[in-house]
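Written out below as structure tokens is the structure these notes cover.
The values are calculated or read from the model by the stated rules, or taken from the named source; none is laboratory data. Owing to the predicted nature of the structure, the values given are computational and were not obtained by experimental measurement. Because the Cβ atoms are built from the backbone with ideal geometry, glycine has one as well, and the counts that use them run over all protein chains shown.
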Amino acid sequence: MIRLSQRSQGRRRSAAGMTLVEVLIAVGILAGVLVSVASLFVLGGQRVKSGREMTEATTIASDILESLNSTGFDQLTTLFPTCGTNTGCTVRTDVDSYASAQWQATISGSLYRGYGEISLTPVGGTVTPATFASGEGLRLRVRILWTEGTTTRTIAVESLRF
């Protein structure tokens, strides 16, 4: 009979449930998994926001470039009065009066601390370096810069006009 009672006590102990230590270990493992999954959601949200801003910046840069491409070749160099050199210039949309009036509100409204840089560079011709008067073409480059967290992001689009 002693053997039967020892067996029945062993069955009762295993059928009684989990110990407190087992429950604490299970809860700890579950908490670790949940924290890992939650951090993936946060990281995914940041990547989606970053992608949205990159798309917005690309769209703005393309719109500016299309606007400049629809302007006559000779007018491009006169649009920006701050372009004082003959060999090319770069203007910022938050500084230059024409560029600011045309595009800065769109840029700063869509991108945090955003602004654009528009570069006009003459290419080709018989004079080195090429000048606006002697160049056979004009390279247009539009860069959009903005702040994302602690990083300055940038996107650039270019076109060549002949």
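Some observations on this one:
- Complete set of residues in the range 63-83 that are free of Cβ contacts under 8 Å to residues at least 40 places away in the same chain, of a type in the set (Val, Ile, Thr) and within 14 Å of Arg161 (Cβ to Cβ): Thr71
- Pair list, Cβ < 9 Å and 6+ apart or interchain, from the range 84-105 residues that are closer than 19 Å to Phe132 by Cα to residues that are polar (S, T, N, Q) and at pLDDT 90 or above: Gly88/Ser119; Cys89/Ser119; Thr90/Ser119; Val91/Ser119
- Of everything in the range 81-108 that is β-branched (Val, Ile, Thr) and part of a loop (DSSP other than H, G, I, E, B), the residue that is surrounded by the most Cβ atoms within 10 Å (Cβ to Cβ) is Thr93.
- Close Cβ contacts (under 6 Å, 6 or more residues apart or on different chains) running from residues in the range 150-162 that are closer than 25 Å to Gly72 by Cα and charged (D, E, K, R) to residues that are surrounded by 13 or more Cβ atoms within 10 Å (Cβ to Cβ) and modelled with pLDDT of 95 or more comprise Glu158/Arg141.
- Selection of the range 109-162 for residues being hydroxyl-bearing (Ser, Thr, Tyr), closer than 23 Å to Asp96 by Cα, surrounded by fewer than 18 Cβ atoms within 10 Å (Cβ to Cβ) and at pLDDT below 90 yields only Thr131.
- Residues that are closer than 16 Å to Val142 by Cβ and part of a loop (DSSP other than H, G, I, E, B) within the range 112-132 comprise just one, Gly114.
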